[in-house]
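J.: One structure, as structure tokens, below. Some questions next.
Since every read-out is calculated from the coordinates, none of them should be taken as a lab result. Just so we're clear, the structure is a prediction, and the values are computed from it rather than from any experiment. Positions of Cβ are generated from backbone atoms using ideal geometry, with glycine treated the same way; all protein chains shown enter the neighbour counts.
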Amino acid sequence: MALIKWRESYSVGIDQFDEEHKFILKLINELFQIVKEKDVAISVTYEIEQLIDYTKKHFTNEERAMEEVGYELLEKHKATHEELVQKVIVFKKRIENGDESVNSEFYLFLREWLLSHILEEDMKYGAVLSNSAPERA
Ligand SMILES: [Fe+2]
């Protein structure tokens, strides 16, 4: 489970959202450091809660920005966000129930989610938002 490194190619062209994505990446890396070091279960739960809370805020920020420009894929994007949060909650419950097989699966899910969501879905709004509101870029 190598830590995820930020790359310039992950930039959606909007500073605020790049910074938020970097912070999510940091939270994911911290979470897996704790899992790797087999820290007490409560820390893992706490880190997952931090990740969920911050990610929800970030998603709300993204959705608000998309609403402002009447982004046509907003509803679809919102549904993806909701689905991701629900999946993380399911993983959290499994971990709380002591399912140890979940760790690498969870890591792969988060890694895959973060990278594919940013690179595919977020890039689409990045292009629209940075054109509609150049002051954001
Ligand atoms: Fe998004």
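J.: Taking the chain as a Gaussian network, where each spring joins two C-alpha atoms under 10 Å apart, which residue of VAL69, VAL12, VAL88 fluctuates the most?
T.: Comparing VAL69, VAL12, VAL88 in the GNM, the peak value goes to VAL69.
J.: Ignoring everything except DSSP H segments at least 4 long, calculate the 222 nm mean residue ellipticity for the chain; use -39,500 (n - 2.57) per segment, divide by total residues, nearest 500.
T.: -24500 deg cm²/dmol
J.: Sticking with the crude label model, points 7 Å out along Cα→Cβ, report the distance from VAL69 to GLU49 in nm, one decimal please.
T.: My value for the distance between the label points is 3.6 nm.
J.: If you project the alpha carbons of the chain onto the principal axes, what extent comes out on each, in Å, largest first?
T.: Taking max minus min along each principal axis of the Cα atoms, the chain gives 47, 27, 19 Å.
J.: In a GNM of the chain with a 10 Å cut-off on Cα contacts, which of ASN29, ASN97, ASN61 has the highest mean-square fluctuation?
T.: Largest GNM mean-square fluctuation: ASN97.
J.: Another question about this same structure. Could you list the trypsin sites (Lys or Arg not before Pro) in region 19-125 that lie in coil according to DSSP, counting only those with at most 11 other Cβ atoms within 10 Å of their Cβ?
T.: Here the sparse-neighbourhood loop sites are LYS38.
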